[in-house]
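Trainee: For reference, the structure I am asking about is given below.
The values are calculated or read from the model by the stated rules, or taken from the named source; none is laboratory data. Please read these numbers as outputs of a predicted model, since none were measured by experiment. Neighbour counts are summed over all protein chains in view; Cβ atoms, including those assigned to glycine, are modelled from backbone coordinates with ideal geometry. The accessibility values were calculated without ligands, DNA or RNA, using every heavy atom of the protein model including side chains. Shrake-Rupley method; radii C 1.70, N 1.55, O 1.52, S 1.80 Å.
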Amino acid sequence: MAAGAVETASVVEIGSAGQFEELLRLKAKSLLVVHFWAPWAPQCAQMNAVMVELAREQPQVSFAKLEAEAVPQVSEKYEISSVPTFLFFKNSQKIDRLDGAHAPELTQKVQRHASSSALPPSAKGPPVEDLHRRLQKLITAAPCMLFMKGTPQEPRCGFSKQMVEILNKHNIQFSSFDIFSDEEVRQGLKTYSNWPTYPQLYVSGELIGGLDIIKDLEASKELDTICPKAPKLEERLKTLTHKAAVMLFMKGSKQEAKCGFSKQILEILNSTGVEYETFDILEDEEVRQGLKAYSSWPTYPQLYVKGELVGGLDIVKELKETGELLPILRGEN
């Protein structure tokens with residue numbers, strides 16, 4: 001065990017970047033699952049309990065938890081922007097990730113990665129029929145789905161980067177899947193679609209093709225007629241900020257705040273009894289970045305009343321202390 005780390009019910013508690021690196025080395029030969037958590041988030045406590053159960057069921061797997069805000073060096077290195085987040089390591093390398101409190105999906109990923117390390121190559125992977133069903137769900141997860149290397153924000157190959165640039169240039173609304181995050185999907189989709197390379201673009205569950213096909217469609221002006229258009233960002237942000245009389249843009253939701261600032265502002269709003277809606281900026285990178293410029297306010301959470309920015313947590317705290325918050329939320333000012 002890493003020096004200084006605490007272990008309870010087969011779950012190691014990591015307290016420093018050094019302990020984390022040492023644990024990666026010590027557990028290099030097995031699957032290591034690390035839970036990035038925060039003590040203020042009740043969903044993290046629930047997922048810690050799930051991990052304890054998984055540790056009992058999967059003794060060959062190593063489990064650890066790391067308080068995200070207490071060890072920022074590790075959280076920043078692996079781009080942990082919300083809790084709970086789970087990272088999966090083999091041979092000291094990250095092989096998978098799960099964001100959010102999804103116990104069934106965590107269990108499935110642990111089982112899948114544990115079995116893939118324990119079984120010979122010929123026995124790896126789920127039955128073909130199960131994989132086909134999974135691929136069908138993925139390619140129809142959005143009207144336009146891009147399977148690529150990396151993410152639209154951080155493409156990890158030149159072809160994927162070019163594909164994203166073309167889709168963005170034409171204001172095409174699409175979702176994406178990082179094939180580096182799942183080897184089953186990466187290999188299985190090639191056979192499923194009979195298309196050997198990436199990226200691959202699907203519209204309404206049908207394969208359109210790779211980069212060369214998309215370039216041809218762009219040249220022939222057909223691309224704009226095939227793929228769904230995204231609303232212009234400024235129009236979309238205006239619609240979102242007016243979606244409810246009181247709108248809160250935050251990390252997480254009413255039920256699951258994913259940062260301490262968002263949790264505090266929820267508590268304040270809940271104490272007023274005023275109805276409000278929330279938008280999780282972690283679910284939409286375009287909104288997350290665009291709203292900062294739209295409102296000239298660089299941080300989150302952001303509170304809007306009738307489409308007008310009130311401010312962030314500090315402003316809301318001050319308004320509550322002066323007694324001005326409730327009249328503003330009710331639209332009386």
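Trainee: At 1.4 Å probe size, with every protein chain present, just tell me what the per residue accessible area of the chain comes to in Å².
Mentor: 51
Trainee: A further question on this structure: With all protein chains present, how much of the accessible area of the stretch 17-123 (probe radius 1.4 Å) comes from carbon and sulfur, to the nearest whole percent?
Mentor: It is 52 percent, rounded to a whole number.
Trainee: Scan the stretch 228-333 for trypsin sites (Lys or Arg not before Pro) in coil per DSSP, keeping those whose Cβ has at most 10 other Cβ atoms within 10 Å, and list them by number.
Mentor: K232
Trainee: Before rounding to the nearest 500, sum -39500 (n - 2.57) across all DSSP H runs of length at least 4 in the chain and divide by the residue total; then give [θ] at 222 nm in deg cm²/dmol.
Mentor: So the helix-based figure for the chain works out to -13000 deg cm²/dmol.
Trainee: Shifting gears a bit: So which aspartates and glutamates pass the test for K137, namely a Cα distance under 17 Å, with those fewer than 8 places away in the same chain ruled out?
Mentor: Within reach: E105, E129, D178, D182, E183, E184, E206.
Trainee: Still on this structure, I have one more. Which loop GluC sites (Glu not before Pro) in the stretch 242-329, with loop taken from DSSP, have no more than 11 other Cβ atoms within 10 angstrom of their Cβ?
Mentor: Those that pass, being in a loop and sparsely packed, are E275.
Trainee: Sort 175-182, 151-158, 28-35, 42-49 by packing, meaning the average of other beta carbons within 10 Å per residue, with the highest value first.
Mentor: By packing density, highest mean first, the sequence is 28-35, 175-182, 42-49, 151-158.
Trainee: Give me the lysines in straight-line cross-link reach of K149: C-alpha distance below 17 Å, same-chain residues under 8 apart excluded.
Mentor: Here the lysines satisfying the reach criterion relative to K149 are K94, K161, K190.
Trainee: For K317, give me every one of the lysines with a C-alpha distance below 16 angstrom, ignoring sequence neighbours fewer than eight places off in its own chain.
Mentor: Partners found: K263.
Trainee: Using DSSP to call loops (not H, G, I, E or B), can you name the GluC sites (Glu not before Pro) in the stretch 1-102 whose Cβ has at most 14 other Cβ atoms within 10 angstrom?
Mentor: Hits after loop and neighbour filter: E79.
Trainee: Among A38, A103, L54, flag the residue with its Cα farthest along the positive direction of the charge dipole of the stretch 6-106, charges on Cβ as +1 for Lys/Arg and -1 for Asp/Glu.
Mentor: Value computed over the given set: L54.
Trainee: Sticking with this structure for a sec: Of the heavy-atom accessible surface of the stretch 216-330 (probe 1.4 angstrom), what whole percent is carbon and sulfur?
Mentor: It is 49 percent, rounded to a whole number.
Trainee: List the relative contact order of the chain as a percent without decimals, with contacts defined as Cα pairs under 8 Å and 6+ residues apart.
Mentor: 12
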